[in-house]
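**Q** Once you've had a glance at the structure underneath, I'll fire off some questions.
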Amino acid sequence: MTAFNYTNQTVLITGASSGIGRVFAETLAARGAHLLLLARSGAVLDSLAKELSQRHGIRAHALVADLSLPGAAAQAHAQACALGMPPDVLINNAGFATHGRFETIPVARQAAEVTVNCTALMELTHCALPHMLAQGRGAIINVASTAALQPDPYMAVYGASKAFVLSFSEALWAENRSRGVRVLALCPGATETAFFDVVAAPEAAVGKRMDPQAVVDEALRALDRGRSSHVAGRPNRLLAWLPRLLPRQTVLGIVEGMLKPKAA
């Protein structure tokens, strides 16, 4: 499979204000892509859009949206189309996690977690895919997690949401691989971003944190190779084999020990 050419392609990136999303934006702007940067922090997005457009001579626009709100995904896509920039590439990177015993975490917070991690991702994909199919070319990268590879005690909703992303993405890969649209589920492990500041639980980070640039570089290579999914980082790929080699309850015991709140 040939390398994907991003020159003059419009890329919509959710969660673009920091971390992996920001690195995707910087990397693809350098490859000549026009950008739609979506997150809640308008001032940060405006600054990033201006910086990248000036540095690389590309179009970059901020789309301010809270994807936990009903209809936000469809509204963001409508904004993109109103700008004359329907996405040729979609990177669903926005997401967050909660950590702790399930019954102690407010249900509204966990419902918002499902909305951002699953529903908004699905809705944006549903909005963007017809344009890609009409032109016979496009790409979707859905950021899942190594948490998708097994159940995650004390991060039960997060792990389940990322398992949805992995399954959903691989199914779309199979549906669209002969129609010109590439789909990749990216499964990073712990990454050097603000993710764990939001979770507020250092024990949620398993293993050494990867540099987000390394994660993005691996993702783009995997997309070029036509992969349906990719676990970023060799140590993470080795750990990904454990659920295949050990009894399921044994794996659950190992993960429970890793993620157990320190105060528990």
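**Q** Outside any helix (DSSP H, G or I), within 30 Å of ALA3 (Cβ to Cβ) and of a type in the set (Lys, Arg): does that describe LYS208?
**A** Numbers: outside any helix (DSSP H, G or I): yes; within 30 Å of ALA3 (Cβ to Cβ): yes; of a type in the set (Lys, Arg): yes.
Against the criterion (outside any helix (DSSP H, G or I), within 30 Å of ALA3 (Cβ to Cβ) and of a type in the set (Lys, Arg)), LYS208 qualifies.
**Q** Mind checking which pairs have a first residue in the range 132-161 that is free of Cβ contacts under 8 Å to residues at least 60 places away in the same chain and a second that is crowded, with 23+ Cβ neighbours inside 10 Å and of a type in the set (Lys, Arg), Cβ under 7 Å, 6 or more apart or different chains?
**A** Here the result reads SER145/LYS162; ALA147/LYS162; ALA148/LYS162, each pair linking the range 132-161 to a residue that is crowded, with 23+ Cβ neighbours inside 10 Å and of a type in the set (Lys, Arg).
**Q** How many residues are assigned to a helix (DSSP H, G or I) and buried (at least 16 other Cβ atoms within 10 Å of the Cβ) if we restrict to the range 103-121?
**A** Of the residues in the range 103-121, the ones assigned to a helix (DSSP H, G or I) are 103-104, 107-121.
Of the ones still in play, those that are also buried (at least 16 other Cβ atoms within 10 Å of the Cβ) are 110, 112-121.
Counting residues in the range 103-121 that are assigned to a helix (DSSP H, G or I) and buried (at least 16 other Cβ atoms within 10 Å of the Cβ) gives 11.
**Q** So, one more: Evaluate the following for ASP46: is it assigned to a loop (DSSP other than H, G, I, E, B) and surrounded by fewer than 18 Cβ atoms within 10 Å (Cβ to Cβ)?
**A** no
**Q** Here are some residues: VAL11, VAL23. Which one is touching a Phe, Trp or Tyr at 6+ places or on another chain (Cβ under 9 Å), surrounded by 19 or more Cβ atoms within 10 Å (Cβ to Cβ) and not in a loop (DSSP other than H, G, I, E, B)? Explain how you work it out, then say what you get.
**A** Working: VAL23 fails: touching a Phe, Trp or Tyr at 6+ places or on another chain (Cβ under 9 Å).
On inspection, the qualifying residue turns out to be VAL11.
**Q** Now for a different question. Go through the range 164-184 and report how many residues are under 16 Å from LEU223 (Cβ atoms) and either of a type in the set (Val, Ile, Thr) or not in a loop (DSSP other than H, G, I, E, B) (or both).
**A** So the answer is 12.
**Q** Look at the range 13-58 and say how many of its residues are in contact (Cβ under 8 Å) with a residue 40 or more places away in the chain and touching a His at 6+ places or on another chain (Cβ under 8 Å).
**A** Residues flagged as in contact (Cβ under 8 Å) with a residue 40 or more places away in the chain and touching a His at 6+ places or on another chain (Cβ under 8 Å) within the range 13-58 amount to 1.
**Q** Looking at (1) within 21 Å of LEU129 (Cα to Cα); (2) among the aliphatic types (A, V, I, L, M); (3) in a loop (DSSP other than H, G, I, E, B), which is the only condition ALA73 fails?
**A** (3)
**Q** If only one of GLY95, GLY138, GLY100 is surrounded by fewer than 20 Cβ atoms within 10 Å (Cβ to Cβ) and either under 25 Å from GLN9 (Cα atoms) or out of contact with any strand residue (DSSP E or B) (no Cβ under 9 Å at 6 or more places or on another chain) (or both), which one is it? Give the derivation first.
**A** Numbers: GLY95 fails: surrounded by fewer than 20 Cβ atoms within 10 Å (Cβ to Cβ); GLY138 fails: surrounded by fewer than 20 Cβ atoms within 10 Å (Cβ to Cβ).
It is GLY100.
**Q** Still on this structure, please answer the following. Go through the residues of the range 54-68 one by one and say whether even a single one is within 25 Å of LEU223 (Cα to Cα), over 21 Å from the mean Cα position of the chain (by Cα) and hydrophobic (A, V, I, L, M, F, W, C).
**A** yes
**Q** Among the residues of the range 210-238 satisfying the criterion of being surrounded by fewer than 17 Cβ atoms within 10 Å (Cβ to Cβ) and of a type in the set (A, V, I, L, M), which is modelled with the highest pLDDT?
**A** Applying the first criterion (surrounded by fewer than 17 Cβ atoms within 10 Å (Cβ to Cβ)) to the range 210-238 yields 211, 213-214, 217, 221, 224-226, 234-235, 237-238.
Still in the running and of a type in the set (A, V, I, L, M): 214, 238.
Working: ALA214: 96, LEU238: 87.
The extreme case among them is ALA214.
The values are calculated or read from the model by the stated rules, or taken from the named source; none is laboratory data. On a predicted model such as this, the values are computed, not experimentally measured, just so you know. Because the Cβ atoms are built from the backbone with ideal geometry, glycine has one as well, and the counts that use them run over all protein chains shown.
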